[in-house]
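Comments concern the structure below.
The values are calculated or read from the model by the stated rules, or taken from the named source; none is laboratory data. Remember, it's a predicted structure, so these values are computed and weren't measured experimentally. Every residue, glycine among them, receives a Cβ derived from its backbone with ideal geometry; neighbour counts consider all protein chains shown. Each accessible area value is taken on the protein alone, full model and side chains, heavy atoms only, with ligands, DNA and RNA left out. Shrake-Rupley method; radii C 1.70, N 1.55, O 1.52, S 1.80 Å.
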Amino acid sequence: MPIHTIIEPFRIKSVEPIRWTQRAERERFLREASYNLFLLSADDVLIDLLTDSGTGAMSIYQWGAIQEGDESYAGSRSFIRFRDSVQSIFGYTNVIPTHQGRAAERILFTVMLKKGDIVPNNTHFDTTRANVEAVGAEAVDLVIAEGRQPGLLHPFKGNMDVAALEQTIARVGRERIPLVMLTITNNSGGGQPVSMENARAVSAVCRKHNIPLYFDACRFAENSYFIKLREQGYQDKTPRQIAQEMFSLGDGCTMSAKKDGMANIGGFLCTNNDVLAQQQKNLLILTEGYPTYGGLAGRDLEAIAVGLQEAVEEDYLRYRIASTAYLGNHLHQMGIPIVMPPGGHAVYLDARSFVPHILSERFPGVALAAELYLEGGIRSVEIGTLMFGAAAKMDLVRLAIPRRTYTQSHIDYVIEVVAEVWGKRDQIRGLRLTYEPPFLRHFTAKLEQV
Ligand SMILES: *Cc1c(COP(=O)(O)O)cnc(C)c1O
């Protein structure tokens with residue numbers, strides 16, 4: 001018999017128990033949380049697929065490096081290791097640590113943007129959009145048309161529409177576009193990858209108009225592996241080489257180390273522009289910390305330095321992409337509507353097709369997420385009408401997979417729970433709001449069954 005099973009490329013050294021609850025208890029917890037899974041205690045969740053951000057397991061090498069953390073205020077050894085690790089993959093001359101990705105975004109945009117400016121991106125992540133808008137600029141999403149259709153198959157649904165980028169530059173003028181961004185993988189667009197060909201084309205347009213190109217690099221390793229699997233000419237390249245080639249097309253990046261940094265906290269900002277880097281460091285000192293720690297402990301810098309190297313290991317990425325596809329493909333084969341193909345870090349259920357009897361204004365995604373919790377103690381997150389209001393184009397339920405945290409039997413359990421809920425989908429009821437905060441309402445809103 002051929003050996004084809006892709007196994008977890010690690011064994012477990014330290015375990016964290018998860019807690020079973022009874023359905024009657026979960027009914028009570030859900031009512032107490034007003035049907036908003038953000039308001040649950042994590043201890044009352046069996047399998048937590050709320051996010052892949054900062055929730056992964058670290059390796060023995062990361063924990064070992066943490067012991068070596070140098071907590072010197074300035075010029076620490078840990079910063080040197082961190083900087084060298086980042087540069088070995090990203091290649092940019094200036095590396096500025098920050099406490100998270102959004103801090104890197106705020107510093108980048110505060111220094112580069114002014115009111116009335118425009119930033120094109122394939123799809124802005126929500127914190128990226130909020131930080132662009134916070135300085136009075138406009139965030140424009142230019143993902144290809146295929147990237148907006150959940151059921152459609154395309155190898156690189158995260159690609160930017162290059163013609164639309166050219167048109168945007170022609171329409172508003174180069175002086176109003178201080179930078180272009182490319183998000184790899186495209187998180188808000190379903191974790192879909194961007195091809196090297198597309199990044200090269202976007203880079204060429206930027207170079208022609210002398211506009212800097214920055215990557216939102218949070219899932220750069222997963223994106224590199226998709227290129228290896230799907231793009232002609234990259235089969236024999238390593239994920240590291242692919243990442244190096246991709247970053248050479250740009251002028252800098254923002255990064256959340258809570259994703260492909262394989263750490264629980266941290267981020268960084270890179271640029272090849274020394275003048276900008278000086279301004280960025282000045283702002284960093286004002287709000288984050290000295291440029292050799294940027295709001296992080298020395299031990300965090302060590303964990304990221306090691307984690308980045310582990311993220312580009314081929315055995316890890318093969319397992320990572322295969323395990324997300326395993327979940328997505330099983331659900332798809334049962335006829336359960338999901339965003340296709342499965343992304344790198346998450347599988348998205350299409351709630352409008354799953355529970356078509358629930359109108360958008362009755363929050364089908366929130367109702368479905370609540371049912372997954374009731375049925376099997378699984379926590380997911382709605383990305384739809386509760387998050388974006390009436391402007392939401394889709395109602396999705398995201399099952400995000402933390403890195404190196406759950407095994408295949410956990411995922412088999414998730415598949416069974418979703419299948420069980422699919423079997424009784426007709427009985428799922430819609431919800432209405434009983435409390436709504438003025439902004440980012442999905443985090444704290446309260447709801448009740450209609
Ligand atoms: C998570 C994320 C961010 C923000 O990073 P934080 O560390 O959560 O602040 C920015 N862009 C993308 C694509 C992300 O996934």
It is to be established whether one or more residues within the range 51-66 are in contact with a strand residue (DSSP E or B) (Cβ under 6 Å, 6 or more places away or on another chain), within 23 Å of residue 345 (Cβ to Cβ) and within 13 Å of the ligand (Cβ to nearest atom).
yes
If only one of 97, 120 is in contact with a Phe, Trp or Tyr (Cβ under 6 Å, 6 or more places away or on another chain), at pLDDT 95 or above and within 16 Å of the ligand (Cβ to nearest atom), which one is it?
97
Every pair of residues 6+ apart whose Cβ atoms lie under 8 Å, when the first sits in the range 305-323 and is among the aromatic types (Phe, Trp, Tyr) while the second is open to solvent by less than 20 Å² (accessible area, probe 1.4 Å):
316/310
From the residues in the range 216-242 that are over 17 Å from the mean Cα position of the chain (by Cα) and closer than 21 Å to residue 189 by Cα, which one is nearest to the ligand (Cβ to nearest atom)?
227
Out of 102, 129, I need the residue that is within 15 Å of the ligand (Cβ to nearest atom), part of a helix (DSSP H, G or I), free of Cβ contacts under 8 Å to residues at least 40 places away in the same chain and open to solvent by 40 Å² or more (accessible area, probe 1.4 Å). Which one?
129
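Listed here are the residues, each with its yes/no results for (1) surrounded by 16 or more Cβ atoms within 10 Å (Cβ to Cβ); (2) more than 25 Å from residue 311 (Cα to Cα).
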position: 2; (1), (2): no, yes
position: 12; (1), (2): no, no
position: 17; (1), (2): no, yes
position: 29; (1), (2): yes, yes
position: 37; (1), (2): yes, yes
Taking the range 413-429, which residues are open to solvent by less than 90 Å² (accessible area, probe 1.4 Å) and over 28 Å from the mean Cα position of the chain (by Cα)?
423, 424, 425, 428
Could you list, in sequence order, all residues of the range 143-163 that are buried (at least 21 other Cβ atoms within 10 Å of the Cβ) and either touching a Leu at 6+ places or on another chain (Cβ under 7 Å) or not assigned by TED's automatic domain parsing to the domain that holds residue 230 (or both)?
160
For the range 243-281, how many residues meet the condition of being part of a loop (DSSP other than H, G, I, E, B), among the hydrophobic types (A, V, I, L, M, F, W, C) and within 16 Å of the ligand (Cβ to nearest atom)?
4
Leading residue by the ranking (most open to solvent (accessible area, probe 1.4 Å)) among those in the range 164-189 that are in a loop (DSSP other than H, G, I, E, B) and within 12 Å of the ligand (Cβ to nearest atom):
188
